[in-house]
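Asker: Could you have a look at this structure, given as structure tokens, before my questions?
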Amino acid sequence: MPDTVSQPRLLLRRLHSVMGGDGGAQERLDRVVRVIAQNMVAEVCSVYLARAGEVLELFSTEGLKEEAVHRTRLHVGEGLVGLVAERGLPLNLSEAPKHPRFAYRPETGEDMYHSFLGVPILRHGKVTGVLVVQNVAARLYSPEEVEALQTIAMVLAELVNSGDLVNIDELSEDATALGQSQTLNGLSLVSGIAAGVAVFSKPQIRITKTIADSVREERQRLEDAIAHMRLQLEEMLEHPDLAHGGEHREVLETYRLFAYDRGWQDKMREAVGSGLTAEAAVERVQQENRARMAKIRDPYLRERILDFEDLAGRLIRIIQGETGDERQQLTEDSVLVARTVGPAELMDFDRQFLKAVILEEGSSTAHVTIIARAMGIPVMGQIPDLLSHVEPGDEVVVDTAHDHVYVRPNEEVIESYRDAVKVQEQLFAEYEAERGLPVETLDGERVDLLMNAGLLADLPSLDSTGAEGIGLFRTEFQFMVSPALPRVDEQTKVYSAVLDAAGDKPVVFRTLDIGGDKPVPFLPREPEENPAMGWRAIRVALERPALLRYQLRALLYAAAGRSLHVMFPMIAEVAELKKCKAILQKEIERLDRFGKERPKEIQVGCMFEVPSLAWQLDSLLEEVDFLSIGTNDLMQFFFACDRSNPKLADRYDMLAPSALSFLRMVIAACHKADVPVTLCGEMGGRAVEAMALVALGLKRLSVSPSSVGTVKRLLRSVDMNQLRAFLVEHIQSPEHSVRDSLIMFARDHAIKI
Ligand code: PEP
Ligand code: MG
């Protein structure tokens, strides 16, 4: 195929002039197909176009039987053409008829062709057709040929997506799905309730011109746009919301680094060199990135590619003349709706009116989630087909507590949610006003109420909630958003900032809980059957002790002259804890060797997340200064029930008599050994659970900042002795859960649950 590879520009021009020539759309398509067949030295070239009902219709062919045109139809997923459409990826086969998905259509006469190369024709990332070449000889097409056909498909998309061949409306999403009120289910990523009108991230990009008139000029347009985009990102990092450092800032800095990525730029320059316009070149490279993404399972890498997607969109807009400097103007409470949003995009919106974000994709570790959390914006993700259910201007209500998004709800629902938002704001104001009150039950029992944190952005909550300290600081976020292992001085900086912000209040740092479902970019990852029970947390740290050593070193540096509380996650046996302590001891000795100041006091604890520890409690408690019960993990292992599987979310209740008896036993053992015990799982932040836990004897809870006010108000309304007597009796029951009995008790005794 010498022509296509060595003279791509000539071919593109030729196609362009044929596409823009005389005759109807069908005639021009037929001519284009002939040109492609000639250039690719292919015996067959065919174009299949998507029609309503997920069907692909043969629209034009050179080489297959004429009578098959407009007759041969395949469903998406059916046959090889359907497979290309289903996956949205090229398919390159030397022996097509032997492929299990080959669907023989006698009217086409294609059984004599052995090699097959099909590529998708795309519009806004959706497949609108499939371009195929076939040859009699069995051979695999070269990577250059595959690329060339993809570029041709992109140019061909201009004609296909013009609406002259298939009416674009025919392919728009099921219109009946719109207009009616709907409830969509998703996954809560940043909690909260909010209501507002739907706004879409940015108008979808339309590339109307793909072939360059002058390669020199297109090169210049690309270079200018890259320079402009970099400037924009530098300015974004100056934004007041990001003035204080933190993980969200790191996310943006990493993202900015991509804007300087040489590989990405070289590919775009190369694409311009092949005769595409600057915007088509960016899109072409992005299509390749998307195809690569489809094959990547690693969530971290997938997010990096999403960052590129965001940058590419930004770049195309700049090329097309949008300066990008204007912020997205919002004039009323709004909910951002998108398939996915890049980390910087949120910063383009007016914070005052941006009330929530809902995403078709999204995950708890996605960069947008981290930024939104830092900005206090609720996020709901993983809503299948979101974009086909919502239109700009629709009323949307987001309720993460129930994992629901209401689209076009009736007036009553909107009103009640708007009221709920107001009540919530009022309640938070009241909690803030109550922050100085002691956490004490009606009968005088004091409880230490601490909060969980993981971002520097969480720290102001210490003051606003009145929490008595940080019972769990999850250190992994800094590692998850950083492309390389953060250096000791970088880690020290974060830990110092946390201790500075906490002042006199204690902070318990948990060492890295990475691996499993919390991937970090600098550690090799192999797929695991059960990541939650796999190579994670302390198991990684003990196998890569340098990781733990450096982190402990950073913690010791940061806590010089102050108190350091450190604990280790996922300990399953005392021997593991001893190894951790030995590493810590060496680091303390190192401080002395280098004449560095020691912390004024060091307290060492461990997480109780693995049930096996229950049978080593006595020796464990001799080794620790404190224990922290992590019910999120503990309960998934206790019930053998995956905590992240939504199907199992309601299967077992943490208020089951068995679970409460188990916790009671652990708490009692800690009291007996005089070892302070905290509970830092999400369970502690829920009202009914919190009252049960304190009734079981717990005197310290560490909960998310948003739960501090609720739990405090609840505990201040309980007579603990009465409740304890009631619970002890019910904990023996063979019931599924004691929840209902506890709720009843709370109602009867005016407890504020
Ligand atoms: C827990 O398992 O309860 C816990 C607090 O740890 P994480 O949620 O970070 O796994
Ligand atoms: Mg855990």
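Asker: If the requirement is being among the aliphatic types (A, V, I, L, M), out of contact with any Gly (no Cβ under 8 Å at 6 or more places or on another chain) and buried (at least 18 other Cβ atoms within 10 Å of the Cβ), which of these qualifies: V55, V35, V44?
Answerer: On inspection, the qualifying residue turns out to be V35.
Asker: Follow-up. What's the total number of residues in region 685-710 that are within 16 Å of ligand 2 (Cβ to nearest atom) and either surrounded by fewer than 23 Cβ atoms within 10 Å (Cβ to Cβ) or among the small types (G, A, S) (or both)?
Answerer: Total meeting the criteria: 3.
Asker: Can you pull out the residues in region 685-697 that are within 14 Å of ligand 1 (Cβ to nearest atom) and not in a helix (DSSP H, G or I)?
Answerer: Passing the criteria: only R686.
Asker: Please note which helices (runs of 4 or more DSSP H) are completely contained in region 1-86 and include at least 2 residues that are small (G, A, S).
Answerer: 25-39
Asker: Check whether at least one residue in region 486-503 is assigned to a loop (DSSP other than H, G, I, E, B), more than 24 Å from P705 (Cα to Cα) and either modelled with pLDDT of 90 or more or away from ligand 1 (no atom under 14 Å from the Cβ) (or both), and report yes or no.
Answerer: Checking region 486-503: at least one residue is assigned to a loop (DSSP other than H, G, I, E, B), more than 24 Å from P705 (Cα to Cα) and either modelled with pLDDT of 90 or more or away from ligand 1 (no atom under 14 Å from the Cβ) (or both).
Asker: Now a separate question. Examine region 504-512 for a residue that is touching a helix residue (DSSP H, G or I) at 6+ places or on another chain (Cβ under 9 Å) and more than 16 Å from ligand 1 (Cβ to nearest atom), and state whether such a residue exists.
Answerer: yes
Asker: Name the single residue, out of those in region 616-647 being within 16 Å of ligand 1 (Cβ to nearest atom) and of a type in the set (V, I, T), that is nearest to the chain's Cα centre (by Cα).
Answerer: Here the answer is T631.
Asker: Determine the pairs where a residue that is on the phi < 0 side of the Ramachandran plot, located within region 531-547, has a partner that is outside any loop (DSSP other than H, G, I, E, B) and small (G, A, S) with Cβ atoms under 9 Å apart, the partner being 6 or more residues away or on another chain.
Answerer: Matching pairs, first to second residue: P531/G515; G534/G515; W535/G515; R536/G515; R539/G515; V540/G515; L547/A541.
Yes/no matrix, rows are residues, columns are (1) of a type in the set (K, R); (2) modelled with pLDDT of 85 or more:
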residue: R51; (1), (2): yes, yes
residue: E54; (1), (2): no, no
residue: L83; (1), (2): no, yes
residue: E95; (1), (2): no, yes
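Asker: Still on this structure, please answer the following. Out of region 504-539, which residues are in a loop (DSSP other than H, G, I, E, B), among the aliphatic types (A, V, I, L, M) and surrounded by 17 or more Cβ atoms within 10 Å (Cβ to Cβ)?
Answerer: Residues satisfying the conditions are L512, I514, V520.
Asker: State yes or no: is L613 within 15 Å of ligand 1 (Cβ to nearest atom), among the hydrophobic types (A, V, I, L, M, F, W, C) and either crowded, with 17+ Cβ neighbours inside 10 Å or in a helix (DSSP H, G or I) (or both)?
Answerer: Taking the combined requirement at face value, the residue satisfies it.
Asker: Moving on. Which of the following residues is under 29 Å from V610 (Cβ atoms), buried (at least 18 other Cβ atoms within 10 Å of the Cβ) and more than 38 Å from the chain's Cα centre (by Cα): L727, L742?
Answerer: Of L727, L742, the one residue that is under 29 Å from V610 (Cβ atoms), buried (at least 18 other Cβ atoms within 10 Å of the Cβ) and more than 38 Å from the chain's Cα centre (by Cα) is L727.
Asker: Among the residues of region 629-684, how many are more than 14 Å from ligand 2 (Cβ to nearest atom), without any contact (Cβ under 8 Å) to a residue 60 or more places away in the chain and assigned to a helix (DSSP H, G or I)?
Answerer: 15
Asker: Looking only at region 135-182, count how many residues are at pLDDT below 85, of a type in the set (V, I, T) and either touching an Asp or Glu at 6+ places or on another chain (Cβ under 9 Å) or in a loop (DSSP other than H, G, I, E, B) (or both).
Answerer: 1
Asker: Could you tell me which numbered condition V708 fails, if it satisfies all but one of (1) in a loop (DSSP other than H, G, I, E, B); (2) of a type outside the set (G, A, S); (3) within 18 Å of E445 (Cβ to Cβ); (4) modelled with pLDDT under 95?
Answerer: Going through the list (1) in a loop (DSSP other than H, G, I, E, B); (2) of a type outside the set (G, A, S); (3) within 18 Å of E445 (Cβ to Cβ); (4) modelled with pLDDT under 95, V708 breaks only (1).
Asker: Testing A669 on (1) more than 21 Å from V508 (Cβ to Cβ); (2) surrounded by fewer than 20 Cβ atoms within 10 Å (Cβ to Cβ), one condition comes back false. Which one is that?
Answerer: It fails just one condition, (1).
Asker: Here's another thing I want to ask about it. Considering every residue within region 21-29, establish whether at least one is on the phi > 0 side of the Ramachandran plot and free of Cβ contacts under 8 Å to residues at least 40 places away in the same chain.
Answerer: Among the residues of region 21-29, at least one is on the phi > 0 side of the Ramachandran plot and free of Cβ contacts under 8 Å to residues at least 40 places away in the same chain, which makes the answer yes.
Asker: Scanning for something over 28 Å from K518 (Cα atoms) and more than 16 Å from ligand 1 (Cβ to nearest atom), does region 648-656 turn up at least one residue?
Answerer: So far as region 648-656 goes, yes, one or more of its residues are over 28 Å from K518 (Cα atoms) and more than 16 Å from ligand 1 (Cβ to nearest atom).
The values are calculated or read from the model by the stated rules, or taken from the named source; none is laboratory data. In this text the structure is predicted, and so the values were computed from the model without any measurement. Here the Cβ is made from the backbone with ideal geometry for all residues, glycine too, and neighbour counts use every protein chain on show.
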